[in-house]
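I have placed the structure first, in the form of structure tokens, so that the comments after it can refer back to it.
The values are calculated or read from the model by the stated rules, or taken from the named source; none is laboratory data. All values reported here derive from a predicted model rather than from experimental measurement. Every residue, glycine among them, receives a Cβ derived from its backbone with ideal geometry; neighbour counts consider all protein chains shown. Protein only, heavy atoms only, side chains kept; ligands, DNA and RNA dropped before computing areas. Shrake-Rupley method; radii C 1.70, N 1.55, O 1.52, S 1.80 Å.
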Amino acid sequence: MSSSFDTVRGTPPGISLIRSIRGKDWRFSTYRYVVLLLTFVAYTSYHASRKPSSIVKSVLYPEPAKKDNGLVLPWLGQVFIKTHYVGNDTHNFHRLRDKGWAPFNSKDGTTKLGEIDVAFLACYSLGMYVAGHLGDTLDLRLFLTCGMIGSGVFVALFGMGYFWDIHVFGFYLGMQMVAGLFQATGWPSVVAVIGNWFGKGKRGLIMGIWNAHTSVGNISGSLLAASVLDYGWGWCFIVPGAFIALGGILVFLLLPAYPEDIGFSSPHGSASSLEAVPTDVEANVGKGIRVESETNISRAGSVTRTGVGLLEACAIPGVIPFALCLFFAKLVAYTFLYWLPFYLSQTEIGGEYVSVKSAGNLSTLFDVGGIVGGILAGYISDKLNARATTAACFMYAAIPAMLLYRRYGSISHNINIVLMMVAGLFINGPYALITTAVSADLGTHSSLRGNSRALATVTAIIDGTGSVGAAFGPLLTGFLSTKGWDAVFVMLMVCALIAGLLLSRLVISEISEKTSKPPVSSGQQNFKAPASQPLLSDQR
């Protein structure tokens, strides 16, 4: 097979090299593991590169001078630091703010930091809609590679402002905006790749486990940034920037975007007849059965497929309700992502304070709870075959979880840790479910009439709308935090309530479907949808 044909077909060069060295190909199941691993690493690096801005907030806009000595935990290091403000004068806070980093160390520093966050997220959310459509029309592997390398460059350039001694707000604003555009390439691409390789069976559990990359990225980004913080805050951006750029190279070399790109048939059936998928297609594919015609492979590969438009994707049943729900769910999640380390460093816990570095490390426990929440939400939604009901229940449970964390998290160290993890579980659970399994289900919905090239577009609509909410969360927090953290938590709880209510119609539909009886016979038991059936919320 010629190299030019491989290029047109989208075969990664690393796969071609491995085939030539081994003399035979991997099984389909092996490629699935490779795809899971590569996309996991890819989006881990995306989230790791977003975390530094939350770590350096307290350095750019420093807290009052403190005297440190404190508690050491095994993997977080020195966490709870006993601190005492220098003097009792309340004006001491402003008098000591002579360090930091201009222009963020002025009295409106938190507002500027909020504007930096919203600039990134606004460009990210707007770019998502374009990126989703491009991901469905271009080679996903090359598209993802360019996005990762571009993200790494501009994240690192933000950090270079430290070494170049730049104090112009417009520079940092511009770097974040361009980085946001490149970051928009990530999520639609990785969800589309996973959706291409996995059918609907146990998709919630698989994607729940896979979606741990979000929390793993937040954790690794926090630890990476905190580990180099002592050498200058610029390194907090350069190291994660290099990490995502190297991940982009790995994706280019090894990631097959579609099974057809390397000679296997799609688990969704042929591109021309998605509605008539044989029941044993995925089983046959899992055994390594290839598409017979080389011509058909290239025609169905990642380069030559045609995508659907935004309006057509929006018309898919369930897309709009889940997108609006994610608007508020992601607002809550991203407020914690960007502001939790700052909140921890500014809040007294058991009569003690955490240092800037330790606050970044400690905030990773929120994401540990998020990992459990994503897996749990996916498992429950698979068992119940009720994505909307699962997501809504998690959002409602997040309200008391946040209330308890705000009210009782300051009592002691252990209570703070437990309540933080519980809040992470309920906040990140529905966020993970909607952006993964729900997006993949809707992206291969039967109403597409065989056009399976809607995965990235549907994912972009849902996550893009959610990212608009994510942009508002940190911005509002920047303003509300000056009035007190109680106002911030009230805002978050209201948003969680709205997110759950937006799914009410789908929840009612799912419950009705579960309790209704089939019209076959009067004595038959209540109908129970198989786990592989599409979302109940997809029914018109």
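How many residues does segment 292-341 contain that are open to solvent by 10 Å² or more (accessible area, probe 1.4 Å), at pLDDT 80 or above and over 14 Å from the mean Cα position of the chain (by Cα)?
4
So that you can scan it fast, the table gives a plain yes or no per residue for (1) touching a Pro at 6+ places or on another chain (Cβ under 6 Å); (2) open to solvent by less than 10 Å² (accessible area, probe 1.4 Å); (3) of a type in the set (Val, Ile, Thr); (4) closer than 20 Å to Ile498 by Cα:
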site: Gly369; (1), (2), (3), (4): no, yes, no, no
site: Ser381; (1), (2), (3), (4): no, yes, no, no
site: Ala388; (1), (2), (3), (4): no, yes, no, yes
site: Ile411; (1), (2), (3), (4): no, no, yes, no
site: Asn414; (1), (2), (3), (4): no, no, no, no
site: Leu419; (1), (2), (3), (4): no, no, no, no
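With respect to Ala131, is the statement that it is in contact with a Phe, Trp or Tyr (Cβ under 6 Å, 6 or more places away or on another chain), surrounded by 20 or more Cβ atoms within 10 Å (Cβ to Cβ) and not acidic (Asp, Glu) true?
The answer is no for Ala131.
Going by the structure shown, is Met160 more than 18 Å from Ala470 (Cα to Cα) and of a type outside the set (Asp, Glu)?
yes
Name the residues in segment 27-43 that are at pLDDT 90 or above and open to solvent by less than 10 Å² (accessible area, probe 1.4 Å), would you?
Scanning segment 27-43 gives Tyr31, Val35, Thr39, Ala42, Tyr43.
So which residues in segment 16-45 are of a type outside the set (Lys, Arg), part of a helix (DSSP H, G or I) and over 27 Å from the mean Cα position of the chain (by Cα)?
Ser16, Leu17, Ile18, Ser20, Ile21
Pick from segment 240-264 the residues that are under 20 Å from the mean Cα position of the chain (by Cα) and more than 15 Å from Leu36 (Cβ to Cβ): which of them is surrounded by the fewest Cβ atoms within 10 Å (Cβ to Cβ)?
Leu246
Which residues, counting only those in segment 343-365, are closer than 20 Å to Tyr408 by Cβ, open to solvent by 10 Å² or more (accessible area, probe 1.4 Å) and either within 23 Å of the chain's Cα centre (by Cα) or of a type in the set (Gly, Ala, Ser) (or both)?
Tyr343, Gly350, Gly351, Leu365
Any residue in segment 219-234 that is open to solvent by less than 10 Å² (accessible area, probe 1.4 Å), modelled with pLDDT under 90, among the hydroxyl-bearing types (Ser, Thr, Tyr) and assigned to a helix (DSSP H, G or I)?
Yes - at least one qualifying residue is present in segment 219-234.
Failed condition for Leu144, given (1) touching a Ser or Thr at 6+ places or on another chain (Cβ under 7 Å); (2) surrounded by fewer than 21 Cβ atoms within 10 Å (Cβ to Cβ), with all others met?
Evaluating Leu144 over (1) touching a Ser or Thr at 6+ places or on another chain (Cβ under 7 Å); (2) surrounded by fewer than 21 Cβ atoms within 10 Å (Cβ to Cβ) leaves (2) as the failure.
Identify, by number, the condition in (1) touching a helix residue (DSSP H, G or I) at 6+ places or on another chain (Cβ under 7 Å); (2) open to solvent by 20 Å² or more (accessible area, probe 1.4 Å) that Pro400 doesn't meet.
So Pro400 meets the others, but not (1).
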